[in-house]
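Take a look at the structure below.
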Amino acid sequence: MSEPNSLYVKIKIKKENLQQFFQQKPSAPVIDDNWRTWWTSREMYSKQELQHLPVYRTQTNRQIIDEFLGYRDMGTFEGYDAHSECWTFISVFFSENYGEILPMLALLKDLATYQDEGDVGIALIYDHQWGDEMIMAYMEFINQKGLLKSYTKTKEVDENVLYLANQEISQAVEKFNKQLGERE
């Protein structure tokens, strides 16, 4: 049985742009060459052709984030650093299923359109907890677009990016474990 991969998002975005994004309803993504190239690069059992991209069914993007924050067993955290203008979103136990990650990737691609020109960031869904160095998805935020890369192993990721992701997810694991201890 496979175990959930971690989701790590760090994106430079002005707070007012982030708030505007949160107030919007999830939008339906268009399957383009970037989606197709990434999907083709994925290895999975019973792989289907990418014909449909599911969208979260909520009134606002904020509700999606709040739902993840409310799941007690996922270890989900977010934060905004006003100095660096970066939003960080982490879900320690996000998913092991490609079908389940598609709506999040669509949401993140939409988020990129709210960035100012020159803002950057990354999103990474990978095996942080279990150590097999596999990447489900890697997205680079650049030029107001979320571009999926065909990376499959953590060694393909810039070492500084991976180091920061590992550090911040490890901190999230510590917070999660502390919360578990407080519940018992």
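Just the number, please: carbon plus sulfur as a percent of the accessible area of the chain, 1.4 Å probe, no ligands or DNA/RNA counted. Numbers along the way, then the final one.
On the way: 4820 of 10200 Å².
The C+S portion of the solvent-accessible surface of the chain is 47 percent.
Which order do the peptides 84-95, 11-22 come out in when sorted by mean C-beta neighbours inside 10 angstrom, highest first?
Averaged packing, sorted descending, gives the order 84-95, 11-22.
If the reach is capped at under 24 angstrom between alpha carbons, list the lysines near Lys149, excluding any in the same chain fewer than eight residues apart.
Filter leaves Lys10, Lys12, Lys47, Lys109.
Separation of segment 131-184 and segment 60-128 by C-alpha centroid, Å?
What the calculation gives is 11 Å, centre to centre.
Under a 1.4 Å probe, what is the accessible area of segment 6-182 per residue, stated in Å²?
Numbers: 9520 Å² over 177 residues.
Averaged over the residues of segment 6-182, the accessible area is 54 Å².
For the chain, set up a Gaussian network in which alpha carbons nearer than 10 Å are linked by springs, and say which option among Val120, Val157, Val30 fluctuates the most.
Evaluated over the chain, the most mobile residue of the options is Val30.
Under 19 Å Cα-Cα from Lys15, which aspartates and glutamates qualify once same-chain neighbours fewer than 8 residues away are excluded?
Asp66, Glu78, Asp81, Glu85, Asp110, Asp116, Glu117, Asp119
Classify segment 6-182 as rounded, prolate or oblate, taking a ≥ b ≥ c as the square roots of the eigenvalues of its Cα gyration tensor: rounded when a/c is under 1.5, otherwise prolate if a/b is larger than b/c and oblate if not.
It comes out rounded by the Cα gyration axes.
Would you compute, from DSSP H runs of 4+ residues alone, the mean residue ellipticity of the chain at 222 nm, taking -39500 (n - 2.57) per run and dividing by the full residue count, rounded to the nearest 500?
Using -39500 (n - 2.57) per qualifying helix, the result is -12000 deg cm²/dmol.
The values are calculated or read from the model by the stated rules, or taken from the named source; none is laboratory data. The structure presented is a predicted model; accordingly, all values stated were derived computationally and were not measured. Heads up, the Cβs are rebuilt from the backbone with ideal geometry, glycines too, and the neighbour counts pull from every protein chain shown. Heavy atoms of the whole protein, side chains included, go into the accessibility calculation; ligands, DNA and RNA do not. Shrake-Rupley method; radii C 1.70, N 1.55, O 1.52, S 1.80 Å.
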